[in-house]
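Enquirer: The structure under discussion is supplied below as structure tokens; questions concerning it will follow.
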Amino acid sequence: MMEWGLLLLRVVVGLLFAGHAMQKLAGWFGGHGLAGTGGFFESIGIKPGRTMALLAGLAELVGGLLFAFGLFTPLAALLIVLTMLMAIVKVHGKNGLWVTQNGYEFNLVLIVIAVSVALIGPGDYSLDALWVN
């Protein structure tokens with residue numbers, strides 16, 4: 001059952017992370033696209049905003065898809081952790097822990113999930129398992 005649990009965790013978190021990336025990159029799912037995200041990045045001191053939004057979106061997209069497929073899982077986890085740390089440092093950290101105050105609670109949960117899966121391994125139902133077996 002653990003293998004199914006890891007698969008479920010990886011796929012749901014990875015695909016949601018990739019979807020979040022597409023909010024930045026293409027404006028899907030109610031996102032603001034590169035122009036809007038770039039403007040927001042500029043407003044919080046991340047410059048050049050559009051370029052950094054593109055890099056953040058690509059890191060989230062690649063990290064999320066790799067995580068979902070269980071491919072290069074340590075790299076996927078690293079991309080997720082780095083983008084969430086940046087979100088904490090630049091946006092959510094000053095608001096405290098709880099998401100109800102726009103805090104970093106959710107970012108921390110994603111970091112813990114990514115690190116935990118990287119430490120445990122992606123499971124037998126992953127592309128990484130194909131390379132090992």
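The values are calculated or read from the model by the stated rules, or taken from the named source; none is laboratory data. What you see is a predicted model, and the numbers here were worked out from it, not measured in a lab. With ideal geometry, Cβ positions are generated from the backbone for all residues, glycine too; neighbour counts draw on all protein chains shown. Side chains included, ligands, DNA and RNA excluded: accessible areas come from the protein's heavy atoms. Shrake-Rupley method; radii C 1.70, N 1.55, O 1.52, S 1.80 Å.
Enquirer: Return a yes/no flag: does the stretch 88-97 have any residue that is at pLDDT 95 or above, on the phi > 0 side of the Ramachandran plot and open to solvent by 20 Å² or more (accessible area, probe 1.4 Å).
Expert: yes
Enquirer: Looking at ALA56, ALA114, ALA68, can you tell me which residue is hydrophobic (A, V, I, L, M, F, W, C) and touching a Ser or Thr at 6+ places or on another chain (Cβ under 7 Å)?
Expert: ALA56 is the lone residue from the list that is hydrophobic (A, V, I, L, M, F, W, C) and touching a Ser or Thr at 6+ places or on another chain (Cβ under 7 Å).
Enquirer: On to the next question. Filter the helices (runs of 4 or more DSSP H) completely within the stretch 18-123 down to those with at least 1 residues that are within 26 Å of LEU8 (Cα to Cα).
Expert: Those helices (runs of 4 or more DSSP H) span 49-69, 73-87, 105-120.
Enquirer: Going through the stretch 69-105 one residue at a time, which ones are more than 21 Å from ALA118 (Cα to Cα) and hydrophobic (A, V, I, L, M, F, W, C)?
Expert: Hits for the stretch 69-105 are VAL89, VAL91, LEU97, TRP98, VAL99.
Enquirer: Out of curiosity, is LEU82 open to solvent by 80 Å² or more (accessible area, probe 1.4 Å), within 11 Å of the chain's Cα centre (by Cα) and within 26 Å of LEU7 (Cβ to Cβ)?
Expert: Yes, satisfied.
Enquirer: Separate question: Can you tell me which residue in the stretch 98-124 is surrounded by the most Cβ atoms within 10 Å (Cβ to Cβ), limited to those that are more than 22 Å from GLU60 (Cα to Cα) and touching a helix residue (DSSP H, G or I) at 6+ places or on another chain (Cβ under 9 Å)?
Expert: ASP124
Yes/no per residue for (1) closer than 27 Å to MET1 by Cα; (2) open to solvent by less than 40 Å² (accessible area, probe 1.4 Å); (3) touching an Asp or Glu at 6+ places or on another chain (Cβ under 8 Å):
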{"site": "TRP28", "(1), (2), (3)": "no, no, no"}
{"site": "GLY31", "(1), (2), (3)": "no, yes, no"}
{"site": "LEU65", "(1), (2), (3)": "yes, no, no"}
{"site": "LEU75", "(1), (2), (3)": "yes, no, no"}
